[in-house]
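The values are calculated or read from the model by the stated rules, or taken from the named source; none is laboratory data. Everything quoted here is computed from the prediction, not taken from an experiment. Heads up, the Cβs are rebuilt from the backbone with ideal geometry, glycines too, and the neighbour counts pull from every protein chain shown.
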Amino acid sequence: MDREGRLSAAVRAANDRSFADASTARALVALPPPPEPVAGCAACAQLAALRSHARAVGDGSAETDADVLLARHRRQAHERTRRVFRYVPFVIAQDPSALPEYEARCVSGDEADCGASSGPCRGPEEVEEWQRGHTRETRHLRYRRLFADYAVLEPVMSRTGSAGATDRPGGPGGTGAGVPDTPPRT
Ligand SMILES: [Zn+2]
Ligand SMILES: [Zn+2]
């Protein structure tokens, strides 16, 4: 990328030496069109202003410099973000074919944790039942609870709007977290 940028800058600089007009050089060697500023971006606007000033005063090399800077800025500030979105067209959903697991481990004890565990359970009620029983037997009162489920990434097939728009339910502890937002395949 950078090497490419430097290379095209060198090409342009060489052309600037032969041709006074940078846009003529661009047309002759079929360079890509000059980068456009992204609307609403202050950095883009600044570089575009720099370029139009250079163009206005006929400073071809300053114009080329502004082009290079604007192209680099676009790559770094704008296109990278877009690329990330393009490469994540997945929805993360709870795997309905694997049951979630609930578990509690007793962490009561002064020096060391008791360590007694319910083992994997099918639901929170089962875990609570084990906790009550363990507390009745030992008077232990403090537990660490675990919840585990399986998640699958499903490619986004046809969604209106940008593919990067992630609107899956979330939020810590929310019951909606991990619920598939696409209908199950039939
Ligand atoms: Zn910008
Ligand atoms: Zn215990």
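Taking residues in region 55-71 that are of a type in the set (Lys, Arg), and partners anywhere that are surrounded by 18 or more Cβ atoms within 10 Å (Cβ to Cβ) and in a helix (DSSP H, G or I), the pairs with Cβ atoms closer than 8 Å and at least 6 places apart or on different chains are Arg55/Glu63. Does Ala104 satisfy the condition of being away from ligand 1 (no atom under 16 Å from the Cβ), small (Gly, Ala, Ser) and surrounded by 11 or more Cβ atoms within 10 Å (Cβ to Cβ)? Against the criterion (away from ligand 1 (no atom under 16 Å from the Cβ), small (Gly, Ala, Ser) and surrounded by 11 or more Cβ atoms within 10 Å (Cβ to Cβ)), Ala104 qualifies.
Residues in region 133-157 that are more than 26 Å from the chain's Cα centre (by Cα) and farther than 11 Å from Ala104 by Cα: Gly133, Thr135, Arg136, Glu137, Thr138, Arg139, His140, Leu141. If you go through region 88-117 and keep only what is among the charged types (D, E, K, R), within 16 Å of ligand 2 (Cβ to nearest atom) and in contact (Cβ under 8 Å) with a residue 12 or more places away in the chain, you end up with Glu103, Arg105. Listed here are the helices (runs of 4 or more DSSP H) enclosed by region 19-99 that have at least 1 residues being aromatic (Phe, Trp, Tyr) and modelled with pLDDT under 85: 80-86.
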